[in-house]
1. Taking the dipole about the Cα centre of the chain, with the C-beta of Lys and Arg at +1 and of Asp and Glu at -1, give me whichever of Cys94, Val126, Leu20 is farthest to the positive side.
2. What does the convex hull of the Cα atoms come to per residue for the range 87-180, in Å³?
3. Could you give the angle, 0 to 90 degrees to the nearest 10, between helix 197-207's Cα long axis and the longest principal axis of the Cα atoms of the chain?
4. I want to verify the translational diffusion coefficient of the range 39-81 in µm²/s; compute it with Stokes-Einstein, Rh as the Kirkwood radius over Cα pairs, at 4 °C and 1.567 mPa s.
5. Which cross-chain or sequence-distant (5 or more) residues have an amide H under 5 Å from the amide H of Val21, H modelled 1.01 Å from N in plane?
6. Taking the range 72-130, which trypsin sites (Lys or Arg not before Pro) meet the DSSP loop condition and have no more than 15 other C-beta atoms within 10 Å?
7. Could you give me the percent of Cα pairs per 5 Å distance bin for the range 70-113, shortest bin first, beginning at zero and ending with the bin that holds the maximum distance?
8. In whole angstrom, note down how far apart the Cα centers of the range 192-221 and the range 99-125 are.
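The values are calculated or read from the model by the stated rules, or taken from the named source; none is laboratory data. Computed from a prediction, not measured in an experiment: that's the story for all the values here. Neighbour counts are summed over all protein chains in view; Cβ atoms, including those assigned to glycine, are modelled from backbone coordinates with ideal geometry. The protein model used for the area step is the full one, side chains on, heavy atoms only, and it has no ligands, DNA or RNA in it. Shrake-Rupley method; radii C 1.70, N 1.55, O 1.52, S 1.80 Å.
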Amino acid sequence: MTKRSFDQFFKNPRHWREDLVAVGGDFSVDRLLYAYTHGIFPWSEDPIRWYCLDPRAIFDIHRVHFSKTVLRKVRQKKFRISFNEAFPIVMQACSYREKDNSWITPGFIDGYLELHKKGWAHSVEVWNAENVLVGGVYGVAIGKFFAGESMFSFESDAGKIGLFHLFAKLKESNFELFDTQQLNHVTWQLGAYEIPKLSYLDRLERSIKDMVPWVIPPSHD
């Protein structure tokens, strides 16, 4: 589809008052990129529902609040950290719910894997001493904008350790906006907060002015 077609498919979040801006479509790379660069994200698969929430939850990349326990575990370096080493496995792990259904269904995984192959979606992996994947994070990076999608932990604090290293790389790359969509208990504890939708869209527009994929800086340790 062309940009004009997407303009017709999605309601314009700047003028549309509802959170739900479209129903249907697909998880194509072009549609996902259009959505994220207009403040829109998918939240279900059958049918696909697209949202732009008001208010919107974000992180200040330079003011994330990690607990002393997490920071101590980071300093101890008991985990190996990697980037983009196991993207599909991270998504599969994030989709696991012991009791509830997950919104990360097979269509999501297939669509975001294509986004990853094109350089727009990234994962952080946390491996224990036995080289078992025990935590991770994934999201979408465009220009100086990062949309955090989901996080998982199979060992205590492993996901937050991955998030710590993600924020460190984002700061190193001078990112300007981290979108976490909606507040929950975990993101609130980490320092996420809400801003009005229009303020979010203004900040988004500035952060994607140079719409290029993220090249993750190499690790030096």
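1. Val126
2. In the range 87-180, the Cα convex hull volume per residue is 101 Å³.
3. Approximately 70 degrees, to the nearest ten.
4. Rounded, D is 92 µm²/s.
5. Close amide H contacts, sequence-distant or interchain: Trp50, Tyr51, Cys52.
6. Lys77, Lys78, Arg97, Lys99, Lys118
7. 5, 19, 20, 15, 16, 14, 10, 2
8. Rounded to whole Å, the Cα centres lie 19 Å apart.
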